[in-house]
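Q: Let me begin by handing over the structure; questions about it come next.
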Amino acid sequence: TKFQQTTRDQAENAMIMPTVMAVGEFNTWGEARRSEFLPYYKVALEKEQQQMLNTETGVMRRRLLSELPAGQRLFTSLMRFTLTRDPENKIIKGKARWCFGGHRQIRGIHYDDASANCPRWSTTRMFIANAARLGRKVKSGDVTGAYLKGRDPKGRSQYMRAPPGLKE
């Protein structure tokens, strides 16, 4: 009927919302592989895997599913792909981040403390103000893969699947 058609048209028009998507951002290797930015993502994927699976500094080890200890939970993971751009919006590099699906962890079983050793902003401001007062230069740095350096004090291990689209 005309009433039903009018109602449906109003509902469809009311549901139109703008969607803002960043160009070149993907949540799976399959999506990234089909994009025009594949060369950037291949380099980023290799770099991330080398960092995470490095036998000396990485925290991850390849295991067969048959090696999973009895009663151990197998968590999901995700590989997120983004692009880094310069001020002129030209692509500098691709980035890949291997994300552990820790949202299903249970406090006291899989972890005890969920904090990081970071200074308060008031402490950081005090150091910067003191450096300015003394006429010193302030430099900052970044430790690549700093999160890989942490170890569970109780020696617990977490197990996760490979991200969708990647070989387990």
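Q: Taking the criterion of being within 22 Å of the chain's Cα centre (by Cα), aliphatic (A, V, I, L, M) and at pLDDT below 75, would at least one residue in the stretch 99-111 satisfy it?
A: Of the stretch 99-111, the ones within 22 Å of the chain's Cα centre (by Cα) are 99-107, 110-111.
Within this subset, residues satisfying the condition of being aliphatic (A, V, I, L, M) are 106.
Going one step further and asking which of them are at pLDDT below 75, we end up with 106.
Scanning the stretch 99-111, I find at least one residue that is within 22 Å of the chain's Cα centre (by Cα), aliphatic (A, V, I, L, M) and at pLDDT below 75, so the answer is yes.
Q: I'd like the residue in the stretch 122-154 that is out of contact with any helix residue (DSSP H, G or I) (no Cβ under 9 Å at 6 or more places or on another chain), open to solvent by 60 Å² or more (accessible area, probe 1.4 Å) and closer than 30 Å to Leu74 by Cα and, out of all such residues, is modelled with the highest pLDDT.
A: Within the stretch 122-154, the match that is modelled with the highest pLDDT is Lys154.
Q: Output the residues belonging to the stretch 10-39 that are open to solvent by 90 Å² or more (accessible area, probe 1.4 Å), at pLDDT 65 or above and part of a helix (DSSP H, G or I).
A: The answer is Arg33, and nothing else.
Q: Quick one: in the stretch 155-164, which of the residues that are within 16 Å of the chain's Cα centre (by Cα) and assigned to a loop (DSSP other than H, G, I, E, B) is modelled with the lowest pLDDT? It would help to see each step written out before you state the result.
A: Here is the first cut: in the stretch 155-164, the ones within 16 Å of the chain's Cα centre (by Cα) are 160-164.
Next cut, assigned to a loop (DSSP other than H, G, I, E, B) only: 161-164.
Values: Arg161: 80, Ala162: 79, Pro163: 81, Pro164: 76.
Among those residues, the one meeting the criterion is Pro164.
Q: What number of residues within the stretch 36-58 satisfy the criterion of being free of Cβ contacts under 8 Å to residues at least 40 places away in the same chain and hydroxyl-bearing (Ser, Thr, Tyr)?
A: Residues that pass the stated criteria total 1.
Q: Every residue in the stretch 52-80 that is over 15 Å from Ser157 (Cβ atoms) and in contact with a Leu (Cβ under 7 Å, 6 or more places away or on another chain), please.
A: Answer for the stretch 52-80, where residues must be over 15 Å from Ser157 (Cβ atoms) and in contact with a Leu (Cβ under 7 Å, 6 or more places away or on another chain): Thr57, Met79.
The values are calculated or read from the model by the stated rules, or taken from the named source; none is laboratory data. Predicted, not measured: the structure shown is a model, and the values here were computed from it. With ideal geometry, Cβ positions are generated from the backbone for all residues, glycine too; neighbour counts draw on all protein chains shown. Calculation scope for accessible area: heavy atoms of the full protein, side chains included, ligands and nucleic acids excluded. Shrake-Rupley method; radii C 1.70, N 1.55, O 1.52, S 1.80 Å.
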